[in-house]
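The values are calculated or read from the model by the stated rules, or taken from the named source; none is laboratory data. Model, not experiment: these values are computed from the prediction. Every residue, glycine as well, gets a Cβ built from its backbone with ideal geometry; the counts of neighbours run over all protein chains shown.
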Amino acid sequence: MSLHEIINVISRTAEGHLSAANCANGFYALGKLVGHNRRHEPSLETKALVKKLVTSASYRAFNRNQTLKIYYGVATGRLDLLDERLPRLLKTLIDVGVRQTKDALHDMSAQQITNLMMSLAKLEKPPQLPTPSSIVMSAIKGGGQRSDYISLVRSLAGEIYTRGLKDFNSRDISTMMWSLAAIGDPQGSEEKQVCDLVAKEICMRGFKGFAPQGISSLLWSFATLEFCHEEFLDTVCKEISSQGLKQFNEQDITNVIWSLAKLGRYDAVLCRMILDEVYSRGLGNFNSQGVTNLLSSFVKLGMSVTTAADEKSDAGGALSQDGPRFFGMISDEINRRGLRPFSHQAIASVAWSFGTAGSKDDRIFDRISQEILDRGLRDFSAQHISNLVLGYAKSGKSNQLVFESISRHIARGSSRQLKEFTSQGISNLLWSFAKVEWFDEELIEVMVDEVCNRKLHDFTSQAISTIIWAIAKVGRYFDARFLGLVVDEVKLRGMKDFDGQHISNLLWSLATFGVNDPGFLELIPEAIEEKLPESSFQSIVNISWSLVCLDVLDTPAARRFFDLTLPSTIQVEYIKEVALQLHQCKVAWMQTHPDQPLPRLLKGLIGDGEWIEQAVNERNEMNESSSSHLEVASVLHELGFTDLTNEFITENGISVDVLLRTNVKHPAKVAIEVDGPFHFMSDGSTPTGATMFKRRLLEREGYQVYSINVTKEWRNLRSREDQRQYLLRLLRSELNITTSE
């Protein structure tokens, strides 16, 4: 009987009188017909037939073959969307079906195994449109059925591995692998066995009989299951390159490049072919997800719009030659379509891709910002938000309204909001906020609290160093519990997994917060000695500066570190900020060890010192007084302190905001530092480690140092007279000197 003849039989048979065979055949036939016409809304007649089949099936017992037909029909036509009773029926069937199938796997044909796996996969995959019946597989898996479901999938995979693939044709193999990828576990042993079996079979028999869709689907399956088989990948890439891409549709092309990126496989010939094919076809027939996957895949393979990325790898260099053209094409297409057709995941991926590639396309980020503000953040997952912020940060872009919205969403959302972020997601968020210098104290507070609640066990070494660096860099948010947890966790796990950059970030952050833990510092010399050849010049300078900042030069740990020899392979980085750090290190050593030469490592970092002196001189020449600084100097002059100097430079090259020389009776060199908010922790009162370090350098040079807190003190003075009285109290009580008045 044809499919239409089966439907006619069902239509003529009274409800409740359909036999088990007719019910099974009816589901099968109706599912295939609806599946072939899935672009059209099912008719009322079709919905009535589904209702009749479900009612009749509720009173019937089915054998194994009939159960398989029902699965296949429901899955192929997604009939579960047409009657809300179907999930319950399928749940009942799986109780019996699992036992029937597992007990007789060896009697099933290759076609039956393939169809069953495809059915499970389609029912597992949520439909594109929301529906109450989309809970079909949760109904099957719920109520204790989840273990049966997993067991059935693993049994099917095990049976395929046991019997081999000689009875599976090319379509069976691609369908079976697609199904396994859709419902399997990349870490499952049965899945890995089947992947290995298929890879070896393809390498032996080739791709004869495989349509372009089957080839792309097979490659997608391996990528989804994270199974990398080099010989198989070579075979696939050569086959596609040999065939050309003319017979591959847009979805096939997207699947191929996505799979290569997922598996980290760069094939120069195939990537070139895909780019040329995309240029030739244009992006008009790629759906929004396809455009997004093309973009993110090439970025993951190394494409960039900046010349700096060319040095990353051969792949990055070759692909980045196309970067400007490809990104311009993507940008034009997105601006033509707008972002309304793009999913939340796709928008986040676009932001991440443009940012990672170094693109500073204002049109794209303006569109993304507006779309976020229009949609709101409710339907963006934690991963989406993490990728969004990462994209902004890597591109050097920020949008105040977007970042305020994200801050409120996370800080004031439900208690579950932050828990949805992975440990890496939290690390990425904080790093991104630091890169764009976005600080929201409420947000930082809840994120630090979340990190403390997780106890750092699930955070990688890189994530720990990134988090503390970000908090120190932009927020300077001092939380004793958090800092204690970081120090204790590092001492517990050691520094084996920390590279030079991680150690640098950790120590610089602790120095910024003024945290000096002897047990932590003892780990530094041995850890950095192993990693010194692979460390960057700036990382070593940061570690050196941090130890000096913490005033631990005479500890065994610091002495051992500074006694290391700078490897000849490390290139000096002539960066102004680095030069200023080394200058402070040199001054501190000379103050505390006036009769000793510079230690070996510090001498190696400084070299002849000319470039450092040049940087210090340039800094001092470019120093400009702030309005608050000039205001303080003006009031001091009114009080009779005429012997003062703005932007004074000491003999050791340390800058002083205002140098005040007092009268003969009480000779003193008074250094007044007019300190803005970045000289203090987020509380606005506690000086940072760097601020305390500079004060210490000045004091050891013979200066009496006093800091005027601009934000907390000076700006709260309402009148000139208040300012005069403030400075008089400062000079008389705090410094024990008198004015010439």
Is it the case that segment 635-643 has a residue that's surrounded by fewer than 17 Cβ atoms within 10 Å (Cβ to Cβ) and touching a strand residue (DSSP E or B) at 6+ places or on another chain (Cβ under 6 Å)?
-> yes
Report, by residue number, each residue of segment 11-26 that is modelled with pLDDT under 70 and closer than 20 Å to LEU44 by Cβ.
-> ALA14, GLU15
Segment 534-566: number of residues that are within 16 Å of TRP508 (Cα to Cα) and touching a Gly at 6+ places or on another chain (Cβ under 9 Å) = 8
Residue among VAL256, VAL291 that is of a type outside the set (Gly, Ala, Ser), within 18 Å of THR356 (Cα to Cα) and touching a residue at least 12 places away in the same chain (Cβ under 8 Å) = VAL291
Residue check, MET137 assigned to a helix (DSSP H, G or I), out of contact with any His (no Cβ under 7 Å at 6 or more places or on another chain) and at pLDDT below 75 = yes
Can you find a residue in segment 491-510 that is in a helix (DSSP H, G or I) and in contact with a Cys (Cβ under 6 Å, 6 or more places away or on another chain)?
-> no
Hits in segment 38-67 - residues which are surrounded by 13 or more Cβ atoms within 10 Å (Cβ to Cβ) and within 42 Å of the chain's Cα centre (by Cα) = PRO42
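Results for (1) out of contact with any Ser or Thr (no Cβ under 8 Å at 6 or more places or on another chain); (2) within 19 Å of GLY475 (Cβ to Cβ); (3) at pLDDT below 95, shown as yes or no for each residue.
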site: ILE364; (1), (2), (3): no, no, no
site: ASP379; (1), (2), (3): yes, no, yes
site: ALA382; (1), (2), (3): no, no, yes
site: TYR392; (1), (2), (3): no, yes, no
site: HIS409; (1), (2), (3): yes, yes, yes
site: ILE444; (1), (2), (3): no, yes, yes
site: VAL448; (1), (2), (3): yes, yes, yes
If we keep just the residues of segment 454-475 that are in a helix (DSSP H, G or I) and at pLDDT below 90, which is surrounded by the most Cβ atoms within 10 Å (Cβ to Cβ)?
-> GLY475
Before we move on, is LYS125 surrounded by fewer than 22 Cβ atoms within 10 Å (Cβ to Cβ), at pLDDT below 60 and in contact with a Phe, Trp or Tyr (Cβ under 6 Å, 6 or more places away or on another chain)?
-> no
Run down LEU598, LEU602 and say which single residue is farther than 26 Å from ASN716 by Cα and within 37 Å of the chain's Cα centre (by Cα).
-> LEU602
Across segment 613-654, what is the total count of residues that are of a type in the set (A, V, I, L, M), closer than 21 Å to GLY702 by Cα and in contact with an Asp or Glu (Cβ under 8 Å, 6 or more places away or on another chain)?
-> 1
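Each row is one residue, and each column tells you yes or no for (1) touching a helix residue (DSSP H, G or I) at 6+ places or on another chain (Cβ under 8 Å); (2) at pLDDT 95 or above; (3) among the aliphatic types (A, V, I, L, M).
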site: VAL515; (1), (2), (3): yes, no, yes
site: LEU523; (1), (2), (3): yes, no, yes
site: ILE543; (1), (2), (3): yes, yes, yes
site: ALA557; (1), (2), (3): yes, no, yes
site: THR565; (1), (2), (3): yes, no, no
